1. Got a number for residues in the stretch 120-144 being surrounded by 10 or more Cβ atoms within 10 Å (Cβ to Cβ), among the charged types (D, E, K, R) and either more than 19 Å from LEU7 (Cβ to Cβ) or free of Cβ contacts under 8 Å to residues at least 60 places away in the same chain (or both)?
2. From the residues in the stretch 73-83 that are in a loop (DSSP other than H, G, I, E, B) and under 24 Å from PRO17 (Cα atoms), which one is nearest to the chain's Cα centre (by Cα)?
3. For GLU99, are the conditions met, namely being at pLDDT 95 or above, acidic (Asp, Glu), assigned to a helix (DSSP H, G or I) and out of contact with any helix residue (DSSP H, G or I) (no Cβ under 7 Å at 6 or more places or on another chain)?
4. Which of the residues that make up the stretch 20-58 are modelled with pLDDT of 95 or more, assigned to a helix (DSSP H, G or I) and either out of contact with any strand residue (DSSP E or B) (no Cβ under 7 Å at 6 or more places or on another chain) or among the acidic types (Asp, Glu) (or both)?
5. Among the residues of the stretch 59-72, is there at least one that is assigned to a strand (DSSP E or B) and out of contact with any helix residue (DSSP H, G or I) (no Cβ under 7 Å at 6 or more places or on another chain)?
6. I'd like to verify a number: residues in the stretch 95-107 that are under 14 Å from the mean Cα position of the chain (by Cα) and surrounded by 14 or more Cβ atoms within 10 Å (Cβ to Cβ), how many?
7. Failed condition for LYS13, given (1) over 19 Å from THR124 (Cβ atoms); (2) in contact with an Asp or Glu (Cβ under 6 Å, 6 or more places away or on another chain), with all others met?
8. What residue, among those in the stretch 108-119 that are in contact with a helix residue (DSSP H, G or I) (Cβ under 9 Å, 6 or more places away or on another chain) and in a strand (DSSP E or B), is surrounded by the fewest Cβ atoms within 10 Å (Cβ to Cβ)?
Amino acid sequence: MDIWEKLYLAAKKEYHPEEVTPFIYAHHVVCALESENGEIYTGFCIESCSAVLNLCAERTAALNMYQQSGQTMIKRMIAFRDEPPFDQGSGMPCGACREFLMQLNEQNQNTEIMVDYQKRTTTTLNDLLPNWWGWERYQAAKTK
């Protein structure tokens with residue numbers, strides 16, 4: 001079993017779409033990530049009728065990782081709905097998640113993100129955010 005199958009199976013356990021209340025829907029998008037030390041963390045999407053309160057599966061998994069271990073670097077990530085990522089874009093993190101992951105740790109630019117599970121095709125966060133605006137701030141923080 002390779003790491004991608006482990007991540008897929010961990011995330012799949014979280015997939016059980018449900019209405020939490022008449023206002024909140026959850027578990028319809030799931031994510032598993034591998035942290036820097038090889039631990040696996042999961043998360044699921046939580047949507048409310050007020051979009052500003054929504055949390056994507058990727059951010060939830062990253063927040064679980066940070067809360068439970070203090071880690072901020074992500075080696076690999078898979079996210080999906082009812083089936084593993086396929087073709088281009090079905091498992092891609094949204095813009096808010098891409099931004100959060102880059103702000104969480106500059107090394108996350110190297111995070112491998114599953115694009116097509118069957119073909120084991122991946123991309124990196126850096127490929128999804130070329131010319132990211134925050135590099136100057138990371139550099140300035142190093143010189144302090």
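The values are calculated or read from the model by the stated rules, or taken from the named source; none is laboratory data. Predicted, not measured: the structure shown is a model, and the values here were computed from it. Every residue, glycine as well, gets a Cβ built from its backbone with ideal geometry; the counts of neighbours run over all protein chains shown.
1. Step one: of the stretch 120-144, the residues surrounded by 10 or more Cβ atoms within 10 Å (Cβ to Cβ) are 120-129, 132, 134-135, 137-139.
The next check asks that each one be among the charged types (D, E, K, R); those that pass are 120, 127, 137.
Remaining after also requiring either more than 19 Å from LEU7 (Cβ to Cβ) or free of Cβ contacts under 8 Å to residues at least 60 places away in the same chain (or both): 127, 137.
Within the stretch 120-144, residues that are surrounded by 10 or more Cβ atoms within 10 Å (Cβ to Cβ), among the charged types (D, E, K, R) and either more than 19 Å from LEU7 (Cβ to Cβ) or free of Cβ contacts under 8 Å to residues at least 60 places away in the same chain (or both) number 2.
2. Initially, the stretch 73-83 is screened for residues in a loop (DSSP other than H, G, I, E, B), giving 73, 81-83.
From the residues that got through so far, the ones that are under 24 Å from PRO17 (Cα atoms) too are 81-83.
On the way: ARG81: 13, ASP82: 16, GLU83: 16 Å.
My answer is ARG81.
3. yes
4. GLU58
5. Step one: of the stretch 59-72, the residues assigned to a strand (DSSP E or B) are none.
No.
6. Of the stretch 95-107, the ones under 14 Å from the mean Cα position of the chain (by Cα) are 95-105.
Imposing the further condition that a residue be surrounded by 14 or more Cβ atoms within 10 Å (Cβ to Cβ) reduces the set to 97-105.
Adding up the residues that qualify gives 9.
7. (2)
8. Step one: of the stretch 108-119, the residues in contact with a helix residue (DSSP H, G or I) (Cβ under 9 Å, 6 or more places away or on another chain) are 108-114, 117.
Right, trim to in a strand (DSSP E or B) and you get 112-114.
Details: GLU112: 17, ILE113: 23, MET114: 26.
Looking at the filtered set, the residue picked out is GLU112.
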